[in-house]
Amino acid sequence: MIEPDDVDRLRASLRAIVGDANVLTGDDAAAHEIDWRRRYHGRALAVVRPGSTEDVAAVVRACAAVAGISIVPQGGNTGLVGGGVPDDTGRQVVLSLARMNRVRAIDADTLTLTVEAGAVLEAVQAAAADAGLLFPLSLAAEGSCTIGGNLATNAGGTQVLRYGTARELCLGLEVVTAAGEVWSALRGLRKDNTGYDLRDLFVGSEGTLGVITAATLKVFPTPRAVVTAWVATPSLETALALMRRVRQAFDAELTAFEAMGAFALALTAARFPDLAAPLPAGSTAGWQVLLELSSPHDEVLLVPQAERVLADALEAGEIVDASLAQTIAQARTMWHWRESIPLAQSAEGLNIKHDIGVPTSAMPAFVREADAALDALCPGARHVTFGHLGDGNLHYNLQAPRGEDGEAFLARFEPGVNRVVYDLVSRFGGTISAEHGVGQLKRDELLERQSPVALEMMRRIRRALDPAGLFNPGRVVDAGG
Ligand SMILES: Cc1cc2nc3c(=O)[nH]c(=O)nc-3n(C[C@H](O)[C@H](O)[C@H](O)COP(=O)(O)OP(=O)(O)OC[C@H]3O[C@@H](n4cnc5c(N)ncnc54)[C@H](O)[C@@H]3O)c2cc1C
């Protein structure tokens, strides 16, 4: 039990560390207390906005000194599993990294960029571009999510096929530990075999092991030519045949391969009627694919080759229509379609979300079986299926039948739908969370489905790094349960 005096004293110490203006309470804290999907709504003891790593360490020590207080690290608050918002006890301090957004260094020979954790992803991409380089992590929330949040969730996005997830883009970290110490390993080394890889423990730990305050990231030469194409394909099987063909022709130059189901696009068209159609009207194929090729060579080489490969795919029946973006604006519109799907879905109301991964070759069979099982379980529910087919990762979501209330739909069907989907995922040797993480949303599923040996190792790691359970209790896995 925490006494009101303890709360007042802690708020006073936090103000002394970061300044009055950077300790938010009441209405000022409200935006930090609710998640992007509006599923989790808590009450923070305070939202603290440190300006430096030393501030973060001092905040952690101040919180650790009061029994019963815990810390929820927060970046852009775009997470989709409820990992970055406080619970409703009023005993959690939200540690917002938003003010820590400086670019600390760019090294064009080592090909690294060192930034503070609160830097918004779009700003990190822009900093790399200003230096003539590419930071390839890209996702629809890039205008608000932060690099600290991206690393804490090991974010994926649309370029994983070529460049990997956030983990593969990270060379070094600076972290504040649960003891309030600073571990600084902001080194741009590609090779370093000196003991256990601590960096990889923190990447993907969702704020449960420490606070990431800065990172050294990999950057790449900017491609000279980019081809963006939108194609209509009869089925997921033909989409995979197309991917095989394009990979064979372009290998690592294939940088994105995103698939979108018919209803996902119909919903987006209905919600955003001003979006120009990516294909001439009349293409009603079952699936559409947005693919991107990036090359260090000139466009005059890439474009004709892309046209040839797509013509062959047309002849082979793998696609029924295709359009190559002729201008940067057209390419942007194509990407805008893809990125608008989650926004259209959220505008349509609450839905049952799954971020599943199965071996890419098994994806058509998985979707066929899951669609049939869910149509039998909740007839009329609408399938919003889209995502990173090239990575074997789809957002396999279910929207309430037209006209039905989303909240009532979730209350009635969510547990049964999850069981069907996750049982199938297990049968296909997949994962219940390919890129969004576990947070609060998938914690029980993790406990049920992860191997006992893996769970026990995770608990021991948590006990070792955060023995008092200071960081993000109740998320992912707790030290004791
Ligand atoms: C429209 C939309 C599209 C999206 N598309 C994708 C996608 O394609 N791929 C994908 O992977 N995700 C996607 N996401 C999910 C989300 O954007 C990512 O998970 C993102 O990486 C979260 O970053 P954030 O800064 O918003 O983190 P937050 O939401 O603030 O936090 C997420 C988690 O990380 C922890 N955390 C945050 N900052 C730190 C830190 N500095 N140190 C330690 N822990 C920290 C939090 O405690 C929490 O557990 C999407 C979200 C939206 C809204």
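Listed by chain and number, the aspartates and glutamates whose C-alpha is less than 14 Å from the C-alpha of residue 218, apart from same-chain residues fewer than 8 away, are 107, 109, 168.
Please give the length that would be gained between residue 89 and residue 461 if that part of the chain were fully extended, namely 0.36 nm times their separation in residues minus their C-alpha to C-alpha distance (nm, one decimal). Let's see the in-between values first.
Working: separation 372, 0.36 × 372 = 133.92 nm, distance 2.59 nm.
Contour length minus the Cα-Cα distance gives 131.3 nm.
Using the Cβ of residue 258 as centre and a radius below 12 Å, the other residues enclosed give a net charge of -2, where K and R count +1 and D and E count -1.
The local environment of residue 476, defined by Cβ-Cβ distances under 13 Å, has a net charge of 0 under the rule Lys, Arg +1 and Asp, Glu -1.
Compared with the alpha-carbon gap, the fully stretched path from residue 21 to residue 453 is longer by 150.9 nm at 0.36 nm per residue. Where both bridge residues fall in segment 1-98, DSSP classifies roughly 25% of the beta bridges as antiparallel. What is the helix-to-structure angle for 452-465, meaning the angle in degrees between its Cα long axis and the longest Cα principal axis of the chain, kept from 0 to 90 and rounded to the nearest 10? Value to nearest ten degrees: 40. Between residue 307 and residue 194, the contour length at 0.36 nm per residue exceeds the Cα-Cα span by 35.9 nm. Here the label points at residue 315 and residue 329, each 7 Å from Cα along the C-beta direction, are separated by 3.5 nm in the simple model. Take every DSSP beta bridge whose two residues both sit in the chain; close to 85 percent of them are antiparallel.
Note down the relative contact order for segment 44-141 as a percent, whole number, built from C-alpha pairs under 8 angstrom at least six residues apart. Show your work: numbers first, answer last.
Values: 144 pairs, mean separation 25.1, N = 98.
Relative contact order, segment 44-141: 26 percent.
With respect to the chain, whose longest principal axis is taken over its alpha-carbon atoms, helix 328-348 is tilted by about 60°. To the nearest ten degrees, helix 53-64 and the longest principal axis of the Cα atoms of the chain are 60 degrees apart.
In summary, the lysines within cross-link reach of residue 442, defined as a Cα separation below 21 angstrom excluding same-chain residues under 8 places away, comprise 353.
Grab the DSSP H runs of the chain that are 4 residues or longer, score each as -39,500 (n - 2.57), total them, divide by all residues and round the 222 nm result to the nearest 500 deg cm²/dmol.
Working: 14 runs with 173 residues, N = 481.
Result for the chain: -11500 deg cm²/dmol, rounded to the nearest 500.
When the Cα atoms of the chain are aligned to their principal axes, the ranges along those axes come out at 73, 56, 45 Å in descending order.
The fewest-to-most ranking of 106, 2, 147, 328 by surrounding Cβ atoms within 10 Å reads 328, 2, 106, 147.
Read-outs throughout are calculated quantities, based only on the coordinates presented, and are distinct from any laboratory measurement. Every value quoted in this text rests on a predicted model; they were computed, and no experiment measured them. All Cβ positions, glycine included, derive from the backbone under ideal geometry; neighbour counts span all protein chains shown.
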